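A.B. asks: Submitted below is the structure of interest, expressed as structure tokens.
The values are calculated or read from the model by the stated rules, or taken from the named source; none is laboratory data. What you are looking at is a predicted structure, and each value in this text was computed from that prediction instead of being measured. Heads up, the Cβs are rebuilt from the backbone with ideal geometry, glycines too, and the neighbour counts pull from every protein chain shown. Each accessible area value is taken on the protein alone, full model and side chains, heavy atoms only, with ligands, DNA and RNA left out. Shrake-Rupley method; radii C 1.70, N 1.55, O 1.52, S 1.80 Å.
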Amino acid sequence: MSTRTAPPPQTGSTKRSPTVRIATWSATNPWKAILAWTVFVAVCFGAGAAAGTNQVAFSDYWIGEAGDAETIALENGLDAPAVEQILISSPDGALDPEAAAAAAADLRTRMDALDEVAEVAGPVTAKSGDALMLAVTMSMPAHEAADHVDPLLETTAAVQEAHPDLDFAQTGGKSMSNELNDQLGTQLAQVERFTLPITLLILFIVFGSLLLAGVPLLLAISSIVAALGVYALSSHFFPDAGGAVTSVLAMIGMAVGVDYSLFYLKRVREERRRSGGTADPARAIELAAETAGRTIVTSGIAVIVSLAGLYLVDDVIFSSIATACIIVVAIAVISSLTVLPALLAKIGRRIDGGKLLRRKATSTGPGRGEGRVWSALLRPSLRHPVATAVIGLVVIGGLALPALAMTTSVEGRESFPKSLDSIAAYDALVAEFPAAGLAHSIVAEVDPADADALAAAAADLQQRTRGDALFAAHGDPRLRIADDGTAIRLDLPIPYATSDPRAAESLALLRDDLVPATIGQIPSADYAVSGEPAYANDYADHQSSRLALVVGFVLTATFITMLISFRSLVFALLSMVLNLLSTLAAWGALVLVFQYTWAEGLLNFDSAGFIGSRTPLLVFTILFGLSLDYQLFVMSRIKEAALGGAAPREAISQGIRSSASVVTSAAVIMMSVFVAFAFIDRIEMKQLGFALALGVLLDAVVVRVMLLPALMAMIDRAGWWPARWRQQTPVAAP
């Protein structure tokens, strides 16, 4: 089979695209472009650091009925205070009552002396007699308490030192939150230290030059730094939800930053090799801008549109992630069109790589050794497209099928890392004091005339839950009443974890039966049920209700983008379907691995029996955006080959082969990043990292090697190959 290639783009015409004009200016004024980029990054980061990050309000996290309950509570001064609990036990199991009482008195005295403490409840003895518990209520609003919990931890440690014969363990929402955030920050830093050298090594293998390998990495890192500053500035208009948002920004920034640089640099090399190495580097950069540069812009727009679907979730966390990722993608596109051509111009003829790589290229021809490998891989798809497509669809479909059984929930205390002191303390506390764990919170307000009726209804509700196995058998309900008696907050402890079906059952019993039958009988009553199980239930329901909207938006946007880019209805539909298949397979694999227990030893996790409610949407938007990124580059090369006169199947083969090394390298880099996330000791991060790594692998192997060429070959057979792709006459390869 003869090889045909598209003719070089006619950039010498009087009318050049903005992409070419920008790249040409940067290549001919490299120091100005490099200086401008350096100043841009410094100004963005400096301005962001000076302005700081504006965090979302605590109430912005409230959602559904649970959020309504917290709103009522806050308006009536009944919002839940921050409470830390200290468990006193004995190392040998048998607790000395006198020693424990003395230690509890010492602890209580020291805690009372702290400005951060509002109240210390008296010690409570466990039913077993082997433990004491003290509840410490903090003096500031709950959403501010995390910044003030350290003095309490220091006091507990000091009492432990004073009473070495006893064990003291402190836990609570704020101490757990701080310890979880500290661990996550440490492990994310480890991920970065792991992925950067791996990325550099892969790039060195691809380009055969440490100098060239450093260019994509430098561009990606500088884009991330600039994006962090711009994101901090944007948070004053679109508040930041914190958490792992900046880590997702860095992950996406590394993905697109490296990808765009790879594609551009590979195309510049091709233009150099097409001329036998005689073309001036500036001319090669200009030629690459007309093809790879245009595709980078299209890809950036497509990825941004895909990420914008997260705004439709109507959730502060997803909105923050969308804003951060859109900013870093936009900056990565700008860097690829401006400073990248300048850097390549300064590198000059060294852009061809080291001596070994140049000698290999000279002896084998441009990409021919690599082309033989990919020709062999593509041969089954092109010769037997129907059989190959069936096999590929069976593989993808088999993996996707378990997604139908997906159960989602919010990550709860039962799924947090047991290696953390505060989590271990919580487990020990709940084992001795079941009522000290989770609770449903019923909040209600009435007109002043119905205050007595509200008190009676609350007492009736407490009585109806007594003796019910769905509620804690030991430990009285906690009732707080507003000063004027017109509002209450009733906490009903439950002895189950958030993800336990019995927690959901007791919540449904309250919402559908007991509360309407008691408080709901008061005509003026406004009531709602909150608590951790209620929040998890409402949040998961909210995510599920938005899933179809987000998926529909992203699919529609993808279809329109591909239709505009390739002027082919069939190919636009094909691209949309292929990208969706990778995501569905990743969802199914998530269920197979994380909802069951067989893989716990392999990935070092304890199955919670559910998928994090945020994970499916994040996997969909991120993976869909990356898949679309690769799809655009592959399809653009196929279209270019067809416009150069290649027959449909030859165009398919040539387009995939010409982009295979870069797409594969980018996929390997992304997999290394995502795999590293799978080793973070948080179940949601493991799920996200695993799903993205597997999705990229399936996209690179099953979709790009099997399904894409097979389905496109079938389209050719059916006569649906775009007529406008056949307009030019064949051009022989040099």
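A.B. asks: So, with +1 on the Cβ of K and R and -1 on the Cβ of D and E, and no other charges, what is the size of the charge dipole of the chain about its Cα centre, to the nearest 20 debye?
C.D. replies: The dipole magnitude comes to about 8220 debye.
A.B. asks: Find the centroid of the Cα atoms in the range 104-177 and in the range 245-267, then give the distance between the two in whole Å.
C.D. replies: With the range 104-177 and the range 245-267 each reduced to a Cα centre, they are spaced 47 Å.
A.B. asks: Per residue, what volume in Å³ does the convex hull of the Cα atoms of the range 602-734 enclose?
C.D. replies: Values: hull volume 15.7 nm³, N = 133.
Dividing the Cα hull volume of the range 602-734 by its residue count gives 118 Å³.
A.B. asks: For a quick check of your reading of the filter: which chymotrypsin sites (Phe, Trp or Tyr not before Pro) in the range 228-334 sit in a DSSP loop and have no more than 11 other Cβ atoms within 10 Å?
C.D. replies: Working: sites: Tyr231, Phe237, Tyr260, Phe263, Tyr264, Tyr311, Phe318; in loops: Phe237.
Answer by residue number: Phe237.
A.B. asks: Something else: Report, to the nearest whole %, how much of the accessible area of the chain belongs to carbon and sulfur atoms, 1.4 Å probe, protein only. Each step should come with its number before you reach the end.
C.D. replies: Values: 18090 of 29890 Å².
Here carbon and sulfur together make up 61 percent of the probe-accessible area.
A.B. asks: Another one. Between the range 312-336 and the range 287-310, how far is it from one alpha carbon centroid to the other, in angstrom?
C.D. replies: The distance from the Cα centre of the range 312-336 to that of the range 287-310 comes to 14 Å.
A.B. asks: Among the listed pairs Lys346/Lys639; Lys174/Lys418; Lys127/Lys418; Lys266/Lys346, give every one whose C-alpha distance is greater than 22 Å. Don't skip to the end; give the middle numbers.
C.D. replies: Details: Lys346/Lys639 31 Å; Lys174/Lys418 16 Å; Lys127/Lys418 25 Å; Lys266/Lys346 16 Å.
Violating the 22 Å limit, Cα to Cα: Lys346/Lys639; Lys127/Lys418.
A.B. asks: So what's the angle, to the nearest 10 degrees on a 0 to 90 scale, between helix 569-594 and the longest Cα principal axis of the chain?
C.D. replies: That helix lies at roughly 40 degrees to the long axis.
A.B. asks: Also: What is the log10 of I(q)/I(0) for the chain, computed with the Debye formula using one identical point scatterer on each Cα and no solvent, at q = 0.05, 0.06, 0.07 Å⁻¹?
C.D. replies: Cα-only, vacuum Debye calculation for the chain: -0.32, -0.45, -0.59.
A.B. asks: Once the whole set of protein chains is in place, how much accessible area is left on Arg273, using a 1.4 Å probe, in Å² to the nearest 10?
C.D. replies: About 80 Å², ignoring ligands and nucleic acids.
A.B. asks: Tally Lys and Arg at +1 and Asp and Glu at -1 over the other residues with C-beta under 13 Å from the C-beta of Met706: what net charge comes out? Numbers along the way, then the final one.
C.D. replies: Numbers: positive: Arg379, Arg383, Arg704; negative: Asp699.
Within the 13 Å Cβ shell, the charges total +2.
A.B. asks: If I take every Cα pair under 8 Å that is 6 or more residues apart in the chain, average their sequence separation and divide by the length, what percent do I get for the relative contact order?
C.D. replies: 20 percent
A.B. asks: Quick one: angle between helix 173-207 and the longest Cα principal axis of the chain, in degrees between 0 and 90, rounded to 10, please.
C.D. replies: 10 degrees
A.B. asks: So, one more: With every protein chain left in place, what is the accessible area of Val515 in Å² (1.4 Å probe, nearest 10)?
C.D. replies: Around 0 Å² of this residue is reachable by solvent.
A.B. asks: Run lengths n ≥ 4 of DSSP H only: what is the helix-derived mean residue ellipticity at 222 nm for the chain, with -39500 (n - 2.57) per run over all residues, to the nearest 500?
C.D. replies: Numbers: 25 runs with 446 residues, N = 734.
Value at 222 nm, helices only, nearest 500: -20500 deg cm²/dmol.
A.B. asks: Given a 1.4 angstrom probe, what's the average accessible area per residue across the chain, in square angstrom? Walk me through the numbers before you get to the answer.
C.D. replies: On the way: 29890 Å² over 734 residues.
In whole numbers, the chain has 41 Å² accessible per residue.
A.B. asks: Going by Cα centres, the range 489-542 and the range 595-620 are how many Å apart?
C.D. replies: A separation of 26 Å, based on Cα centres.
A.B. asks: While we're here: Could you tell me what a quarter of the Cα convex hull surface of the range 475-545 works out to, in nm² with one decimal place?
C.D. replies: Values: hull surface 23.7 nm².
One quarter of the hull surface, i.e. the mean projection, equals 5.9 nm².
A.B. asks: Tell me, in nm to one decimal, what length is gained between Leu563 and Ala459 on full extension, where the rule is 0.36 nm per residue of separation less the Cα-Cα distance? Each step should come with its number before you reach the end.
C.D. replies: On the way: separation 104, 0.36 × 104 = 37.44 nm, distance 6.40 nm.
Extra length from Leu563 to Ala459 when fully extended: 31.0 nm.
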